[in-house]
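Peer 1: Before we start, here is the structure in question, set down as structure tokens.
The values are calculated or read from the model by the stated rules, or taken from the named source; none is laboratory data. Small disclaimer: the values here were computed from a predicted structure and weren't measured. Backbone-built Cβ (ideal geometry, glycine too); neighbour counts: all protein chains shown.
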Amino acid sequence: MIRAAWFLMTLASAAVAASPESGYLGSQACFGCHAEIYQSYRKTPMGRSLRPATDLEKVNGLTSAQAKPAASDGSVARVFQENSDWFQTDRRGQGLSETEKLDYLVGSGENGFTPLVRREQGLFQAPLSYYSRTGTWDWSPGYEQRDLGFSRQVPEECIVCHSGRAGPITGCKNLYADPPFHELAIGCENCHGPGEQHVRTPKRYRSIVNPRKLSPRLAENICMSCHQGGDVRVLQPGRDYLDYRPGEWLVDTVAIFKAPAKLGEKSEADLLEHNAAMKMSRCFRASNGKLSCLTCHDPHVQPDRGASVGYFRQKCYVCHTDESCTLPKRTRMSQTPPDNCIGCHMPKRDVAVISHTALTNHRIPARIGEPVPISLQESGNDLVLLNPAEGRGTAIPDVSLLRAYGEIAVRDPAYQNRYLELLNQLVSRGSKEPLVEAAMGHKLLAGGKADEALPHLSLGLALKETAVYEDMAKALSHLGREEEALEYMERASKADPFNALVLKTLTLEYIKLKRYPEAKGQMERYVELFPQDQFMRSLLARVTN
């Protein structure tokens with residue numbers, strides 16, 4: 001065993017120079033010294049978060065072909081296997097049919113998994129997902145109302161939490177290196193940080209992050225990076241999702257905001273609200289902040305389904321006793337499963353936005369239907385920062401707050417006035433932040449003032465964002481500068497190469513300028529990516545004929 005460990009350590013050290021990103025080695029480098037933990041962790045849901053689609057072969061009871069009954073729009077999707085590969089076919093009306101090979105599976109299988117397909121250099125969701133509760137294929141999340149075919153993109157902010165280490169291409173949306181992942185499933189370095197220094201000098205103090213040696217709030221920031229959604233998450237200026245490192249305050253990379261609870265509110269969001277819910281619990285408040293994610297969860301261990309009730313009961317007994325429960329012992333023992341603390345106080349609830357899926361209620365209510373504590377409710381329509389840095393208060397750069405208000409205002413008009421107030425304040429202070437300039441340019445453009453918008457948008461170009469390129473193109477087009485407008489639509493297309501609206505607008509710009517060969521090429525690519533668009537298919541047919 002010692003020789004095997006030494007051999008693996010040697011391999012890991014040799015891999016340092018070839019590391020795809022500075023400091024990252026991959027979980028296999030940890031196996032030599034931490035084999036037992038490594039093997040236990042690989043059995044957990046996180047350790048199985050992403051895998052090759054060929055693993056469908058290992059799912060018990062999965063048939064080689066299943067048809068999905070026609071949806072309301074007449075679509076029919078099917079999953080089938082050929083040799084070792086798996087495919088999905090999506091058939092719609094008008095004789096349209098797409099077939100794509102499945103490349104990856106997102107999900108451990110506990111709730112199910114969603115297949116991903118690789119098209120060009122992008123990653124896209126497949127129309128059908130497998131749901132373990134029903135043992136059937138059904139429409140993937142986001143497809144419940146409308147069949148999107150193979151056009152639903154997988155953005156960086158989503159895939160970084162489902163993978164060990166993704167390889168997104170900087171400055172482009174949904175564009176990934178080949179291969180797109182340096183490590184498939186969530187691995188050791190996601191929670192412990194880059195392992196290169198630790199492999200070189202394992203005994204050196206702080207050569208690796210041990211979350212249990214961090215303060216409760218700092219440690220749970222690691223969990224919050226993926227398990228706390230909020231109502232809006234915004235990157236801090238100049239930061240990227242892959243910039244976060246365990247042991248740092250998450251807010252320095254991503255600020256997570258939540259709209260305050262309304263007085264007497266009982267309904268609670270289910271998806272990715274674990275930390276915020278826990279902090280509303282009486283358990284958290286009574287612990288004076290000592291309760292954290294790691295109080296109840298060991299990320300390296302997944303208790304067997306039959307043992308999970310006893311496993312978590314013992315976690316409750318750290319603070320409570322058997323006599324703490326007011327329910328008679330006979331009643332508790334007659335339930336299925338018996339004496340189940342979390343069954344009563346952390347019940348599973350169906351997730352409204354994902355079919356056939358349930359998640360645990362982390363608010364730990366004493367009784368079902370218990371309202372959000374009044375002391376934790378807020379008034380007004382301002383946003384609550386969920387991940388402040390301990391000892392630094394809740395101060396957030398105004399530019400980050402502006403982005404947060406702007407994003408949530410799209411879904412909740414109550415925030416529109418707050419967004420405009422802050423924008424006007426920043427402009428009156430003379431702010432030259434690119435986001436402020438871009439926002440002011442967009443406001444002027446929407447008001448029909450293209451000439452006034454242009455200088456602001458020009459300064460906003462430093463963001464290198466698709467929306468700013470689009471606004472520049474619109475402003476220039478309004479001013480009759482069509483050739484320049486086309487240049488910015490081309491830049492928008494490079495930054496967001498699978499955006500249907502951008503590609504369609506670019507095609508129409510080529511036609512407007514009578515650049516027909518480029519227009520035809522764009523139409524062919526567009527129809528290949530979005531065959532369901534009848535308008536573009538008809539336009540291409542007319543050009544071809």
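Peer 1: Any chance the stretch 103-115 includes a residue that's at pLDDT 90 or above, in contact with a strand residue (DSSP E or B) (Cβ under 6 Å, 6 or more places away or on another chain) and over 28 Å from ARG305 (Cβ atoms)?
Peer 2: Taking every residue of the stretch 103-115 in turn, at least one turns out to be at pLDDT 90 or above, in contact with a strand residue (DSSP E or B) (Cβ under 6 Å, 6 or more places away or on another chain) and over 28 Å from ARG305 (Cβ atoms).
Peer 1: Return the total of residues in the stretch 500-532 being more than 29 Å from GLY480 (Cβ to Cβ) and either in contact with a Cys (Cβ under 9 Å, 6 or more places away or on another chain) or not in a helix (DSSP H, G or I) (or both). First the steps, then the outcome.
Peer 2: Here is the first cut: in the stretch 500-532, the residues more than 29 Å from GLY480 (Cβ to Cβ) are 524, 527-532.
With either in contact with a Cys (Cβ under 9 Å, 6 or more places away or on another chain) or not in a helix (DSSP H, G or I) (or both) added as a condition, the list becomes 530-532.
Total meeting the criteria: 3.
Peer 1: Here's something else I'd like to know. Which condition number does ASP85 fail, the rest of (1) surrounded by 22 or more Cβ atoms within 10 Å (Cβ to Cβ); (2) charged (D, E, K, R); (3) more than 20 Å from PRO531 (Cβ to Cβ) being met?
Peer 2: (1)
Peer 1: Across the stretch 182-219, what is the number of residues that are part of a strand (DSSP E or B) and more than 25 Å from the chain's Cα centre (by Cα)? Break it down stepwise before answering.
Peer 2: From the stretch 182-219, those part of a strand (DSSP E or B) are 182-183; that's our starting set.
If we keep only those that are more than 25 Å from the chain's Cα centre (by Cα) too, we end up with none.
Within the stretch 182-219, residues that are part of a strand (DSSP E or B) and more than 25 Å from the chain's Cα centre (by Cα) number 0.
Peer 1: Further question on the same structure: Answer yes or no as to whether PRO168 is in contact (Cβ under 8 Å) with a residue 12 or more places away in the chain and crowded, with 16+ Cβ neighbours inside 10 Å.
Peer 2: Values: in contact (Cβ under 8 Å) with a residue 12 or more places away in the chain: yes; crowded, with 16+ Cβ neighbours inside 10 Å: yes.
Criteria met by PRO168.
Peer 1: Another question about this same structure. Give me the residue from the stretch 279-320 that is among the hydroxyl-bearing types (Ser, Thr, Tyr) and assigned to a helix (DSSP H, G or I) and, out of that set, modelled with the lowest pLDDT. Step through it out loud before you land on a result.
Peer 2: Pass one, the stretch 279-320, residues among the hydroxyl-bearing types (Ser, Thr, Tyr): 281, 287, 292, 295, 308, 311, 317.
Cutting the leftovers down to assigned to a helix (DSSP H, G or I) gives us 295, 308, 311.
Numbers: THR295: 94, SER308: 89, TYR311: 92.
Result: SER308.
Peer 1: Among the residues of the stretch 136-155, is any under 17 Å from the mean Cα position of the chain (by Cα), within 25 Å of CYS191 (Cβ to Cβ) and loosely packed, with under 15 Cβ neighbours inside 10 Å?
Peer 2: Yes.
Peer 1: Next question, about the same structure. Tell me yes or no: at least one residue of the stretch 449-456 is part of a loop (DSSP other than H, G, I, E, B), in contact with a Gly (Cβ under 7 Å, 6 or more places away or on another chain) and not assigned by TED's automatic domain parsing to the domain that holds TRP249. Talk me through it step by step, then tell me what you get.
Peer 2: Residues of the stretch 449-456 that are part of a loop (DSSP other than H, G, I, E, B), as a first pass: 449.
Right, trim to in contact with a Gly (Cβ under 7 Å, 6 or more places away or on another chain) and you get none.
No, there is no match, as no residue in the stretch 449-456 is part of a loop (DSSP other than H, G, I, E, B), in contact with a Gly (Cβ under 7 Å, 6 or more places away or on another chain) and not assigned by TED's automatic domain parsing to the domain that holds TRP249.
Peer 1: For the stretch 52-68, check the following and say yes or no: at least one residue is assigned by TED's automatic domain parsing to the domain that holds TRP137, assigned to a loop (DSSP other than H, G, I, E, B), closer than 24 Å to PRO299 by Cα and modelled with pLDDT of 95 or more.
Peer 2: Within the stretch 52-68, none of the residues are assigned by TED's automatic domain parsing to the domain that holds TRP137, assigned to a loop (DSSP other than H, G, I, E, B), closer than 24 Å to PRO299 by Cα and modelled with pLDDT of 95 or more.
Peer 1: I've got another one for you. When you scan the stretch 413-432, do you find a residue that is over 26 Å from HIS478 (Cα atoms), outside any helix (DSSP H, G or I) and not small (Gly, Ala, Ser), even just one?
Peer 2: Checking the stretch 413-432: at least one residue is over 26 Å from HIS478 (Cα atoms), outside any helix (DSSP H, G or I) and not small (Gly, Ala, Ser).
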